[in-house]
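Colleague: If you scroll down you'll find the structure; I have some questions about it.
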Amino acid sequence: MTERLNSAQPYALGLFRIVVGLLFFCHGASSLFGAFGGMDGNGATVDAGTWPGWYAAVIQLVGGALVMLGLGTRVAAFVSSGSMAYAYFKVHQPEALWPMENGGEASAMFCWALLLLVFTGSGAFGLDRVIASARGEQKPADSERATVAA
């Protein structure tokens with residue numbers, strides 16, 4: 001059973017990356033463009049250039065797209081995770097200690113999910129692998145790297 005689950009790991013990780021990236025992208029799109037109801041549910045957007053909201057939304061949009069596509073996943077996830085850590089500790093945590101009390105559940109979950117991708121890599125279905133294949137490079141699967149390192 002363990003071997004079967006381990007063989008599916010790159011695919012599960014690839015799907016996880018796509019979902020997390022899509023949700024993060026949508027979060028940025030709602031803040032920048034008012035998509036999905038905008039920031040307040042009525043189509044409101046963040047004012048361009050305002051700190052930290054506008055910059056966070058740009059990181060969410062661009063970082064989410066890169067993570068979703070599997071293009072520069074580790075770097076995009078690292079920057080994105082850091083922005084969510086900043087959001088949690090500077091915006092939410094001063095209101096109350098626990099995420100359920102301070103409204104920071106999304107920031108905390110995005111922070112940790114993206115940080116996981118920094119360490120695991122993109123898994124299957126990423127553009128990094130397509131580009132490496134086109135160049136003739138053989139990029140080992142993330143699970144193979146972990147096995148070699150162990």
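Colleague: Skipping prolines and chain starts, which residues have an amide H placed within reach, meaning under 5 Å, of the one on Ala44, given they are 5 or more residues away or on another chain?
Modeller: Answer set, sorted by chain and number: Met39.
Colleague: While we're looking at this one, here's another question. Averaged per residue, what accessible area in Å² does the stretch 2-55 show with a 1.4 Å probe, protein chains only?
Modeller: With all protein chains present, the stretch 2-55 gives 64 Å² per residue.
Colleague: Still on this structure: Top mean-square fluctuation among Ala85, Ala113, Ala134, Gaussian network model of the chain, C-alpha springs under 10 Å?
Modeller: In the Gaussian network model the winner is Ala134.
Colleague: Also, I was wondering about something else. Can you give the net charge of the other residues whose Cβ lies under 15 Å from the Cβ of Met68, counting K and R as +1 and D and E as -1?
Modeller: Once all neighbours under 15 Å are counted, the net charge is +2.
Colleague: Measure off 7 Å from each Cα along the Cα-to-Cβ vector at Leu116 and Asn42, then give the distance between these two points in nanometres to one decimal.
Modeller: It is 3.7 nm.
Colleague: Moving on to the next point. Would you kindly state how much longer the chain becomes between Trp98 and Phe33 on full extension, computed as 0.36 nm times their sequence separation minus their alpha carbon distance, in nm to one decimal?
Modeller: So the chain would gain 20.4 nm between Trp98 and Phe33.
Colleague: Okay, moving on. Take the chain, connect every pair of alpha-carbon atoms lying under 10 Å apart with a spring to form a Gaussian network, then pick out the residue of Leu97, Leu127, Leu13 with the largest mean-square fluctuation.
Modeller: Comparing Leu97, Leu127, Leu13 in the GNM, the peak value goes to Leu97.
Colleague: Where in the chain lies the longest segment free of GluC sites (Glu not before Pro) that are both loop residues by DSSP (not H, G, I, E, B) and have at most 16 other Cβ atoms within 10 Å?
Modeller: Longest stretch, sites excluded: 1-94.
Colleague: Which residue fluctuates the most in the chain, going by a Gaussian network model with Cα springs under 10 Å, if the choices are Ser80, Ser122, Ser30?
Modeller: In this elastic network of the chain, the residue with the biggest mean-square fluctuation among Ser80, Ser122, Ser30 is Ser30.
Colleague: For the chain, what is the calculated [θ] at 222 nm in deg cm²/dmol (nearest 500), taking -39500 (n - 2.57) for each run of four or more DSSP H residues and dividing by its residue count?
Modeller: So the helix-based figure for the chain works out to -21500 deg cm²/dmol.
Colleague: Using only the alpha-carbon atoms, how far is helix 53-69 inclined from the longest principal axis of the chain? Give it as 0 to 90 degrees, nearest 10.
Modeller: 20 degrees
The values are calculated or read from the model by the stated rules, or taken from the named source; none is laboratory data. Since this is a predicted model, take the numbers as computed values, not measurements. All Cβ positions, even for glycine, are placed from backbone atoms using ideal geometry, and neighbour counts span all protein chains on display. In case anyone asks, the SASA skips ligands and DNA or RNA and just uses the protein heavy atoms, side chains included. Shrake-Rupley method; radii C 1.70, N 1.55, O 1.52, S 1.80 Å.
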